[in-house]
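Asks: Let me give you the structure first, and then I'll get to my questions.
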Amino acid sequence: METTNTNAITSDDSNRRAAIDRSVRFPVLFLFANAAMWLLGATVMGLVASVKLYAPEFLDRSYLWFLNYGRIQPAHMNALIYGWAIQAGLGASIWLMARRCGVVLEKGAGTIVTAAVFWNVGVTLGELGILFGSGTALQWLEFPAYVWPLLLLAFLMIAWRLVGMFARSRNEQGFMITPWYVLGACFWFPWIYVTANLFLNTWSLHAPLGAMGAGINAWYMNTLIMLFFVPVGLGACYYFIPKITGKPIASQQLAIIGFWSLAALGGWTGFQKYMCGPLPAWMPAIGGAAAILMMLPAGIVALNHHLTTIGEHGMIQTSPTLRFTFVGSFCYLIASLVAALLGNFWTGSSMQFTHAEHGFHLLAIYGFFSMTMFGAIYYIVPRLTGCEWLSARLIRSHFWFSVYGIATLVVCMLVGGLAQGESLNAPDNWNLPVIGSIINARGYLIGRTIAWVFILWSNLWFFIHLIFMVLGLGRRSVAPTLLHREHDDAHATA
Amino acid sequence: MTSFRKFLLGLFFSFGLPWLVLIVIPALRAQKIAPVAYDKERDGMDGVYPGKGINRQGQLVYAREGCVQCHTQMIRPSFAGNLDGWKKGWGSDQCDAPRDAVRPSTMLDYLDEPVAPLGVQRNGPDLANVGYRYTDKDGKPDRNALHVQLYAPRSDHKWSIMPSFRHLYTYHKKEGKGSAYALRLPNASPDSNFEVIPQQEAEDLVDYLLSLKKDAPIPGQVVAEAAKK
């Protein structure tokens, strides 16, 4: 490991690292700042959408037609996914790749920033498209059809740099699990994205796909989680946990098994969303089976992280990065259990088409992925800006409001989804309209709104804090901002 | 560099297999699905299955308004504990106690739809057979009832959480005796000076919803279905 032994750091090493940080400074900060802005926007839209589900009169004015639930909800999810999650993931990937491969980004910072501008233009066009009536109704691909080539091009421009860094990496860098995961994500995402868009947005107009198209759409969502968010998130976990605890990854064998079982299983999931539907039965069956088997890589990775952290759990209290990363990596385990619950016949038939699926998506995107990205941002940004986070209190409140928010959200969505689905499937309700499922879910939907308020509060401060840092207005100090009550130097290297 | 190449091959094949087997081959086959003719001897009826398709122009409005966020179009079979087939009003038979369950949806039901809007969530009722739901006493499609549902969703059920699609309608002062297309809203006073006229998009959407009748008999199963009756 790069800094397994903190005593062995030579000034040569620190100079090299400082040079790497300098070289990626502008693109990474640009991506993070834009991502945080989209996160704030996505949170506001999520709040509005959540209220509309139990109070349809909310913001229901004739001139606010573009805020109907059918538009604001997809706009919210797309802003969360493309605006925040993928963008933050790319920013973290660039830094992780450069640091872990020990490569200075000699030229290409300009290309990355250009690509990032393209990406943000694409997301903006897409969001406006959804709100003002060119949404495609393909879940998570609601952006109008002219947006995807732009996003793809931007992604490829950045991914190409990452592959280049890996190819130039120095041989003595040791075990490269983080670059593996990042490379996997760079490789799979364009493939998934092109496949889904070509079939659903382009060819389907000439050669209709019918129900199969819906299946491909469901596959896209699940593979996006399993083969982009999971690898990038785990790549960050595999970097920061050993880095901060100062211990090597507990088991290289487990890490390798975890990686390849994810790679082998990730592409099969998705069709279980439409189980019992019009698609040939083997497709949802194989999707559900893969979703259940995905507990295997999740368990292996969780075990590995746990073994790495053993004895150093106390550092979760002090290090903001480790704290966020720990919660993220824990949520990955929970998310894979929920995916298995949704993917099998016995529990899945009650949760199908309910809020439970939404709960799973948010658990994966926010509970797991975003938390690991927050952890990464808290570590990376001070190294790029040369100043430290202003306030431990802001970080603490970001953490706690995020954790309570996402926990409330996921629990409400899972239990509320179950209540909704059970009500629809209850034999007593056969001759009633859907009133049962609406009344049963109402309490949980109000809980969802409260959760979004929490998350909005936490992300508002996160955004402000990050912008201060990006502007170079952080604390001038050699000691990092830790979460202890007093700023002590005991863990200054964390 | 050989390990890098091996690594890339690993990435390629691990994902390439499900990509090919689960997506590409089934999608290419799905694109080639063709209607099936009924056998007069066996099924006792002429024509092809599925019959009339959907109104594509209205489906675009359906997509744009995000209806899929809350409405599915997929009847599940009852064996997994699902009640879809027995829900009142989700099939062709609108009476309180239909004799038979609505049959589950099949691939062919969505023939010629670029991507079938099977739905994201089911916060509202399923719409696979919604074309049967809005009929007047003579069994003719009741466009007005559907327009009223879209314009003022809570006029029928107070507890409904459906958003209003007022932006697909124009609201203006009556001229003369008023337009023949004006909505007959249940709680509007008859001497009101204003009227609500559906725009073309609203008409398309209603055409589409009325064309949703995904329960045509399946060739080879018609007699079996009839025998149950």
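The values are calculated or read from the model by the stated rules, or taken from the named source; none is laboratory data. Everything quoted here is computed from the prediction, not taken from an experiment. Every residue, glycine among them, receives a Cβ derived from its backbone with ideal geometry; neighbour counts consider all protein chains shown.
Asks: Name the single residue that is surrounded by the fewest Cβ atoms within 10 Å (Cβ to Cβ) among those in segment B:56-89 being facing chain A (nearest Cβ under 8 Å) and among the small types (Gly, Ala, Ser).
Replies: First pass over segment B:56-89, keeping only residues facing chain A (nearest Cβ under 8 Å): B:62-70, B:72, B:74, B:76-77, B:80-83, B:86-89.
Next, only the ones that are among the small types (Gly, Ala, Ser) stay: B:63, B:66, B:80-81, B:89.
Working: B:Ala63: 21, B:Gly66: 24, B:Ala80: 16, B:Gly81: 14, B:Gly89: 18.
Only one residue fits best here, namely B:Gly81.
Asks: Ok, one more. Among (1) within 21 Å of A:Leu363 (Cα to Cα); (2) not in a helix (DSSP H, G or I), there is one condition A:Asn222 misses while meeting the rest; what is its number?
Replies: It is condition (2) that A:Asn222 fails.
Asks: I'd like the full set of residues that are crowded, with 21+ Cβ neighbours inside 10 Å and without any contact (Cβ under 8 Å) to a residue 12 or more places away in the chain, limited to segment A:458-477.
Replies: Of everything in segment A:458-477, nothing turns out to be crowded, with 21+ Cβ neighbours inside 10 Å and without any contact (Cβ under 8 Å) to a residue 12 or more places away in the chain.
Asks: So, one more: Let me confirm something: among A:Ala115, A:Ala167, A:Ala137, A:Ala109, which residue is at the interface with another protein chain (Cβ under 10 Å from one of its Cβ atoms), buried (at least 18 other Cβ atoms within 10 Å of the Cβ) and either of a type in the set (Gly, Ala, Ser) or over 24 Å from the mean Cα position of the chain (by Cα) (or both)? Steps first, please.
Replies: Numbers: A:Ala115 fails: at the interface with another protein chain (Cβ under 10 Å from one of its Cβ atoms); A:Ala167 fails: buried (at least 18 other Cβ atoms within 10 Å of the Cβ); A:Ala109 fails: at the interface with another protein chain (Cβ under 10 Å from one of its Cβ atoms).
Exactly one residue qualifies, and that residue is A:Ala137.
Asks: Taking the residues in segment B:113-136 that are polar (S, T, N, Q) and assigned to a loop (DSSP other than H, G, I, E, B) as candidates, determine which candidate is nearest to the other protein chains (Cβ to nearest Cβ).
Replies: Only one residue fits best here, namely B:Gln121.
Asks: Follow-up question, since we're still on this one. For a quick check of your reading: which helices (runs of 4 or more DSSP H) sit entirely within segment B:1-107 and have at least 1 residues that are within 30 Å of A:Ser350 (Cβ to Cβ)?
Replies: Details: elements: B:2-18, B:25-30, B:40-43, B:56-64.
Ranges flagged: B:2-18, B:25-30, B:56-64.
Asks: In addition: Of the residues that sit in segment A:435-453 and are aliphatic (A, V, I, L, M) and touching a Leu at 6+ places or on another chain (Cβ under 7 Å), which one is nearest to the other protein chains (Cβ to nearest Cβ)?
Replies: Top of the filtered list is A:Leu445.
Asks: Against the definition (β-branched (Val, Ile, Thr), within 30 Å of B:Arg29 (Cβ to Cβ), surrounded by fewer than 20 Cβ atoms within 10 Å (Cβ to Cβ) and in contact (Cβ under 8 Å) with a residue 12 or more places away in the chain), how does A:Thr202 come out, yes or no?
Replies: Here the answer is yes, as A:Thr202 does meet what is asked.
Asks: Name the residue that is surrounded by the fewest Cβ atoms within 10 Å (Cβ to Cβ), counting only residues in segment B:214-224 that are at pLDDT 65 or above and at negative phi.
Replies: The extreme case among them is B:Gln221.
Asks: Considering only residues that are at the interface with chain A (Cβ under 7 Å from one of its Cβ atoms) and of a type outside the set (A, V, I, L, M, F, W, C), look in segment B:90-112 and name the one that is farthest from A:Thr354 (Cα to Cα).
Replies: Result: B:Asp112.
Asks: Restricting to segment A:133-153, what's the tally of residues that are under 13 Å from A:Leu200 (Cβ atoms) and assigned to a helix (DSSP H, G or I)?
Replies: 1
Asks: List, please: which pairs have Cβ atoms under 9 Å, are six or more places apart or on different chains, and start with a residue in segment A:45-57 that is more than 7 Å from every other protein chain (Cβ to nearest Cβ) and end with one that is small (Gly, Ala, Ser)?
Replies: Matching pairs, first to second residue: A:Met45/A:Ala75; A:Met45/A:Ala79; A:Gly46/A:Ala79; A:Ala49/A:Ala75; A:Ser50/A:Ala451.
Asks: Could you check segment A:202-219 and list, in sequence order, the residues that are facing chain B (nearest Cβ under 9 Å) and part of a helix (DSSP H, G or I)?
Replies: A:Trp203, A:Ser204, A:Leu205, A:Ala211, A:Met212, A:Gly213, A:Ala214, A:Gly215, A:Ile216, A:Asn217, A:Ala218, A:Trp219
Asks: May I ask you to say which residue of B:Val130, B:Val120 is under 30 Å from A:Leu198 (Cβ atoms) and either surrounded by fewer than 21 Cβ atoms within 10 Å (Cβ to Cβ) or under 14 Å from the mean Cα position of the chain (by Cα) (or both)?
Replies: B:Val120
Asks: If you take the residues in segment B:31-46 that are away from chain A (no Cβ under 12 Å) and out of contact with any Pro (no Cβ under 9 Å at 6 or more places or on another chain), which one is farthest from B:Asn129 (Cα to Cα)?
Replies: Going through the qualifying residues, I end up with B:Glu41.
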